[in-house]
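The values are calculated or read from the model by the stated rules, or taken from the named source; none is laboratory data. In this text the structure is predicted, and so the values were computed from the model without any measurement. Reconstructed Cβ throughout: ideal geometry from the backbone, glycine too, with neighbour counts over all protein chains shown. Ligands, DNA and RNA are stripped out before the accessible areas are found, and what is left, the full protein with its side chains, is counted by its heavy atoms. Shrake-Rupley method; radii C 1.70, N 1.55, O 1.52, S 1.80 Å.
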Amino acid sequence: MQTVRVAGGDVVGGDERDFFVSYTAVDRPWAEWIAWVLEEAGFSVLVQAWDFPPGVNWVAGMDEGVSRSRRTVAVLSANYTRSVYGRAEWRAAWAEDPAGADRRLLAFRVADCERSGLLGQVVSADLFGCSERTARTTVVGAARSAITGTRVKPAVAPLFPPDLRTVPERALFPGGLPDVWNVPARLAAFLGRSDQLALVADSLRADGVVTVVALAGMGGVGKTSLALEYAHQHAGDFDVVWWVDAEQADTVPAQIGELGEALGLPAGAEAAGTLAELRRRGLRWLLVFDNAEDIAAVAPFRPVDRRGRVVVTSRMSGWGGLGAVVEVPTLARSESVTLLSGRVADMDPDTADRIAELLGDLVLAVEQAAAFCEQTAIPPAEFAAMLAERLEDTVELGQVTERAGVTVATLWELSVSRLAVADPAAVELLELLSFCGPQPIPLDLFAGRAKLVGEGALFQVLDDQVSWARTVGALVHFGLAGRDTHTVSVHRLVQATTRRRTSPQRKSVVVATLLRLYRADLPVEIQRSPRGWPRWRDLLPHVLTLVERVSKPARTPDGSDEKTCAKAADLTWLCDRIATYLQEHGRSGEALPMFERALAIAETIYGPGHPVTADCLSNLASVLADLGRVDDVLPMFERALVIAEATYGPHHPEVAARLSSVALALRDLGRVAEVLSMFERALTITEASYGPDHSKTLTIRRNINAVRREIDR
């Protein structure tokens with residue numbers, strides 16, 4: 001082999017070449033692809049991208065290359081026709097064979113462009129607007145015809161075994177799709193996900209060892225659209241891309257058999273034979289298993305060579321054993337707002353933000369919402385209000401074009417049905433979690449409290465550590481919940497659809513169970529008791545969510561309805577304690593409606609003269625005093641006093657406490673003369689009950705002295 005000497009270095013392989021590829025920098029991908037196809041077909045090629053290493057004087061090298069190549073291939077585009085150097089290169093070839101008898105100049109158009117002047121007299125072939133197979137046949141046929149002077153038209157493009165190829169991989173056909181391809185169309189408006197796309201691409205890079213990537217996440221989060229986008233963006237990296245609907249595992253072998261037919265194998269080819277054919281032909285292939293639930297159905301297709309790649313989308317967990325796992329999160333809020341604002345006329349950013357928040361940024365739900373607003377022309381603000389008030393009823397509204405028949409309402413039905421068979425206790429747990437808030441829920445609210453959850457499947461697992469861990473794990477595995485060390489969380493739309501499918505009778509049981517659990521868990525002492533505040537802070541969003549979903553009892557039980565009485569008692573206690581916690585933390589305005597609700601339930605269930613009613617009256621009066629509504633305070637304290645006297649008699653310590661409250665209310669009203677008699681009655685009872693030196697007795701004495709000083713002034 002001779003070596004071509006050029007200024008700045010050597011051009012390796014100086015023997016005369018069959019073809020010199022002339023191109024401009026913009027068209028380098030096309031030039032490399034053409035050079036690759038020609039060398040793969042057995043021709044020798046000189047191309048700047050491969051033959052002139054850094055440091056070479058490329059102008060001198062190109063001049064030497066043109067002179068030492070039998071023919072020139074011009075890669076035609078609008079940029080090439082304007083290139084000074086490109087013009088010099090093709091004109092040199094044309095000058096040696098102006099009549100074209102020896103076919104010294106081959107012209108391949110890679111874009112629709114004009115061929116002016118002498119270049120217009122050369123017959124060209126178009127490589128754009130066709131499949132890669134057709135373009136490859138065109139290039140090889142033209143090259144053979146140029147050399148032999150005969151017409152060459154092979155029936156099938158020849159495929160060489162990998163170990164006989166000069167180069168281990170083919171160059172990419174710019175902008176084309178693989179010859180074997182059944183991937184659905186990409187979404188009309190794919191949004192965001194750049195980080196996840198980059199993770200998938202980096203994991204499956206050609207020189208990497210990872211051959212399987214699982215896109216994991218809850219239903220409706222956008223795993224399928226992400227896989228579609230990856231397949232379309234990287235179509236040129238593969239010779240074969242095949243999409244498999246893997247939700248029903250028993251249909252996978254037949255779909256792989258269809259791939260075998262597309263490769264030319266006989267109908268009914270087994271999966272193993274299809275994979276063997278891919279390896280035998282040295283093809284680069286990508287299989288996408290969409291919505292796979294059975295790891296065993298995918299595992300046999302894990303590539304055994306470096307040419308295959310697999311992408312899986314799944315709601316299920318546990319794919320780490322096959323390869324890399326990319327968690328697909330909900331949309332970023334800005335992406336949700338962009339999607340809604342771009343689709344719905346008159347959707348202002350604030351309303352879009354509110355809708356996105358209510359839908360938890362779940363991409364399917366956001367697309368459904370956009371579709372419903374488009375289809376019905378409902379004002380966006382009205383739709384947002386409807387979501388806030390009736391989320392369970394709106395999850396079925398709107399149809400997404402790319403997912404016909406699939407809504408948020410139906411999305412998790414199959415998963416829940418399968419979960420009910422695999423772990424009934426997990427379904428009972430999901431029902432409880434669905435009546436909580438969307439924030440993380442402490443797992444120790446449930447663990448070890450089997451006696452409080454009834455006699456169902458959950459009762460069997462709560463007191464056993466292994467069984468409990470398996471039940472929580474089942475929710476995570478089926479993509480219905482997420483877990484960290486101490487908490488579990490359920491997306492608000494999974495909660496909404498679960499509530500939607502729960503019968504009224506079961507809802508009543510779930511609510512009663514949660515009321516018992518909260519009452520057993522939450523600290524009773526709140527006022528001036530900061531030790532219990534962290535637990536209240538953690539559970540407050542959940543207890544508020546629950547009490548908002550419970551309607552006021554409609555009647556007073558006759559005493560035989562123990563379940564109704566117990567539920568009402570728990571609800572009354574919970575409303576009162578919530579209000580007390582809010583009041584203690586300076587949130588008296590929020591505490592007021594809770595105290596009012598506690599009183600209303602107590603009056604309905606226990607009656608107007610019950611001690612529980614008296615407690616509720618007293619607590620409500622105290623928050624009214626905080627809010628400055630002094631005129632409303634005294635009647636409530638007086639009612640509580642009457643109830644205490646009727647219940648305990650006139651000399652009970654509870655009566656003394658109520659007398660002191662009435663006295664303080666009178667004092668706030670400026671009725672000082674009446675205050676003294678109330679405190680004196682309270683002092684007599686307290687001294688008799690606790691003794692003259694007890695703290696309660698001393699407190700009343702101080703109040704009496706203060707009142708006397710006021711009277712004296």
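For the range 487-509, the set of residues classified as open to solvent by less than 30 Å² (accessible area, probe 1.4 Å) and touching a Lys or Arg at 6+ places or on another chain (Cβ under 9 Å) consists of 499 only.
Residues checked against (1) surrounded by fewer than 22 Cβ atoms within 10 Å (Cβ to Cβ); (2) at pLDDT below 90; (3) within 33 Å of the chain's Cα centre (by Cα):
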| position | (1), (2), (3) |
| --- | --- |
| 236 | yes, yes, yes |
| 258 | yes, no, yes |
| 292 | no, no, yes |
| 299 | yes, no, yes |
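Scanning the range 397-418 for residues that are surrounded by 15 or more Cβ atoms within 10 Å (Cβ to Cβ), under 19 Å from the mean Cα position of the chain (by Cα), at pLDDT 70 or above and not hydroxyl-bearing (Ser, Thr, Tyr) yields a count of 6.
When residues in the range 646-693 are screened for being within 19 Å of residue 619 (Cα to Cα), surrounded by fewer than 17 Cβ atoms within 10 Å (Cβ to Cβ) and of a type in the set (Asp, Glu), 1 of them pass. Among the conditions (1) modelled with pLDDT under 90; (2) within 26 Å of residue 392 (Cβ to Cβ); (3) open to solvent by less than 40 Å² (accessible area, probe 1.4 Å), the only one that residue 552 does not satisfy is (3). Looking at the range 363-396, which of the residues that are open to solvent by 40 Å² or more (accessible area, probe 1.4 Å) and among the hydrophobic types (A, V, I, L, M, F, W, C) is nearest to the chain's Cα centre (by Cα)? Selected residue: 388. Could you list, in sequence order, all residues of the range 426-453 that are free of Cβ contacts under 8 Å to residues at least 60 places away in the same chain and surrounded by 22 or more Cβ atoms within 10 Å (Cβ to Cβ)? Of everything in the range 426-453, those that are free of Cβ contacts under 8 Å to residues at least 60 places away in the same chain and surrounded by 22 or more Cβ atoms within 10 Å (Cβ to Cβ) turn out to be 426, 427, 428, 429. Among the residues of the range 428-485, those that are more than 17 Å from residue 520 (Cβ to Cβ), over 19 Å from the mean Cα position of the chain (by Cα) and of a type in the set (Val, Ile, Thr) comprise 461, 466, 471, 472, 485.
For first residues located in the range 572-590 and closer than 11 Å to residue 527 by Cβ, partners that are open to solvent by 10 Å² or more (accessible area, probe 1.4 Å) and assigned to a loop (DSSP other than H, G, I, E, B) and lie 6+ apart or on another chain with Cβ distances below 9 Å form the pairs 577/523; 577/524; 580/527; 581/587; 583/527; 584/527; 584/528; 584/529.
Every listed requirement among (1) in contact (Cβ under 8 Å) with a residue 60 or more places away in the chain; (2) buried (at least 23 other Cβ atoms within 10 Å of the Cβ) is met by residue 244 save one, (1). All told, residue 617 meets the bar of being open to solvent by less than 50 Å² (accessible area, probe 1.4 Å) and at pLDDT 95 or above.
Contact map, the range 18-37: first residue in a helix (DSSP H, G or I), second residue of a type in the set (Phe, Trp, Tyr), Cβ cut-off under 6 Å, separation 6 or more or different chains; pairs are 31/23; 33/173.
On the given criteria, is residue 216 within 20 Å of the chain's Cα centre (by Cα) and either modelled with pLDDT under 85 or within 24 Å of residue 408 (Cα to Cα) (or both)? Yes; evaluated as a whole, the condition is true for this residue.
When the range 200-246 is limited to residues that are of a type in the set (S, T, N, Q) and in a helix (DSSP H, G or I), the one that is farthest from residue 294 (Cα to Cα) turns out to be 233. Of all residues in the range 492-508, those satisfying the criterion of being of a type in the set (Val, Ile, Thr) and assigned to a helix (DSSP H, G or I) are 494, 497, 498. Filtered by the rule that a residue be surrounded by fewer than 20 Cβ atoms within 10 Å (Cβ to Cβ) and of a type in the set (Val, Ile, Thr), the range 180-210 gives 180, 183, 209, 210. Selection of the range 45-67 for residues being at pLDDT below 70, aliphatic (A, V, I, L, M) and not in a helix (DSSP H, G or I) yields only 56. Among the residues making up the range 668-682, those that are in a helix (DSSP H, G or I) and free of Cβ contacts under 8 Å to residues at least 24 places away in the same chain are 674, 677, 678. Quick one: in the range 338-348, which of the residues that are out of contact with any Leu (no Cβ under 9 Å at 6 or more places or on another chain) and not small (Gly, Ala, Ser) is most open to solvent (accessible area, probe 1.4 Å)? Top of the filtered list is 346. Annotation for the range 509-522: no member residue is hydrophobic (A, V, I, L, M, F, W, C), over 20 Å from the mean Cα position of the chain (by Cα), assigned to a loop (DSSP other than H, G, I, E, B) and at pLDDT below 95. Can you confirm whether the range 309-317 contains a residue that is open to solvent by 50 Å² or more (accessible area, probe 1.4 Å) and at negative phi? Among the residues of the range 309-317, not one is open to solvent by 50 Å² or more (accessible area, probe 1.4 Å) and at negative phi, which makes the answer no.
Being in contact with a His (Cβ under 9 Å, 6 or more places away or on another chain) and either of a type in the set (Gly, Ala, Ser) or open to solvent by 70 Å² or more (accessible area, probe 1.4 Å) (or both) is the requirement here; does residue 360 meet it? Considered against the rule, which asks whether it is in contact with a His (Cβ under 9 Å, 6 or more places away or on another chain) and either of a type in the set (Gly, Ala, Ser) or open to solvent by 70 Å² or more (accessible area, probe 1.4 Å) (or both), residue 360 comes out as yes. Here is a check on your reading of the model: is residue 333 at pLDDT 90 or above and either open to solvent by 20 Å² or more (accessible area, probe 1.4 Å) or within 23 Å of the chain's Cα centre (by Cα) (or both)? In short, yes. Restricting attention to the range 473-506, the residues that are free of Cβ contacts under 8 Å to residues at least 40 places away in the same chain and closer than 22 Å to residue 393 by Cα total 3. The residues in the range 586-614 that are surrounded by fewer than 23 Cβ atoms within 10 Å (Cβ to Cβ), assigned to a helix (DSSP H, G or I) and among the hydroxyl-bearing types (Ser, Thr, Tyr) can be counted, and the count is 2.
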